[in-house]
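The values are calculated or read from the model by the stated rules, or taken from the named source; none is laboratory data. What you are looking at is a predicted structure, and each value in this text was computed from that prediction instead of being measured. Every residue, glycine among them, receives a Cβ derived from its backbone with ideal geometry; neighbour counts consider all protein chains shown. Ligands, DNA and RNA are excluded from the accessible area calculation, which covers all protein heavy atoms including side chains. Shrake-Rupley method; radii C 1.70, N 1.55, O 1.52, S 1.80 Å.
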Amino acid sequence: MKFFIDTANLAQIKEAQDLGVLDGVTTNPSLMAKEGIKGQDNILKHYVDICNIVTGDVSAEVISTDFEGMVREGEILAELHSQIVVKVPMIKEGIKAIKYFTEKGIRTNCTLVFSAGQALLAAKAGATYVSPFIGRLDDVSTDGLNLIEDIRQIYDNYGYETQILAASVRHPMHIIDCAKIGADVVTCPLSAITALLKHPLTDIGLAQFLADAKK
Ligand code: G3P
């Protein structure tokens, strides 16, 4: 399973890259705003800065909601760097844009996916990644992991190559459950990845080994 980090914070991206287990980065307009990145030139430069830190795919989201606008923005983003994946919202115009980008050889991430039907449409349009938001489903008392299971089954039934990128992943159990189901990728804060390191018996065992080594 691939690990992506869901942030536009360069320090965190560098820290995750240095850990040696990072496969890519996802961003969205909210994450860019959180870092105070404003204006077209600064936003484009920031995507390039991210690409220069990581070796894997970097999702950069369009903000247009019409087909022509998405195509215009997506083509500029894809030209920026070979690692850029154009992130497109799951709306009617977005599906048309994903189909267009697929035919042009531009890779896409279909975002804001909350149902199996939406994921099926994204795959049919040729999306490289589909991003079901499991944490936000959990927030409204709907099991986000059930959606990952449904999408996995549908994609396996028909051999769709679209990768399931479990998004809105909030904690280490989300990561483990996604791995059990067979999600291709998880994207989450760095804290959820580093939480996988922790076990009290590891700490107790190490303390004992170090104490015994001094004897
Ligand atoms: O980037 C999309 C998704 O991962 C957002 O997560 O925590 O804002 O629901 P969250």
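Using a cut-off of 31 Å between Cα atoms, the listed pairs Lys38/Lys124; Lys38/Lys92; Lys2/Lys214 include Lys38/Lys124; Lys2/Lys214 as exceeding that distance. Over all directions, the projected convex hull of the C-alpha atoms in the chain averages 13.6 nm² in area. Ordered by 1.4 Å accessible area with all protein chains kept, Glu161, Glu73 run largest first as Glu161, Glu73. Pairs of Cα atoms nearer than 8 Å and 6+ residues apart set the relative contact order; for the chain it is 17 percent.
Karplus-based coupling profile of the stretch 131-138, in residue order and whole Hz: 10, x, 8, 6, x, 5, 5, 4, with θ = phi - 60° in 6.51 cos²θ - 1.76 cosθ + 1.60 and x standing for Gly or Pro. Over all other residues within a Cβ to Cβ distance under 15 Å of Gly36, the charged ones net out to 0, with Lys and Arg as +1 and Asp and Glu as -1.
Judged by the gyration tensor of its Cα atoms, with axes a ≥ b ≥ c, the stretch 105-212 is prolate; a/c meets the 1.5 cut and a/b is the larger of a/b and b/c. Listed peptides 62-68, 137-143, 149-155 appear in the order 149-155, 62-68, 137-143 once ranked by packing, highest mean of other Cβ atoms within 10 Å at the front.
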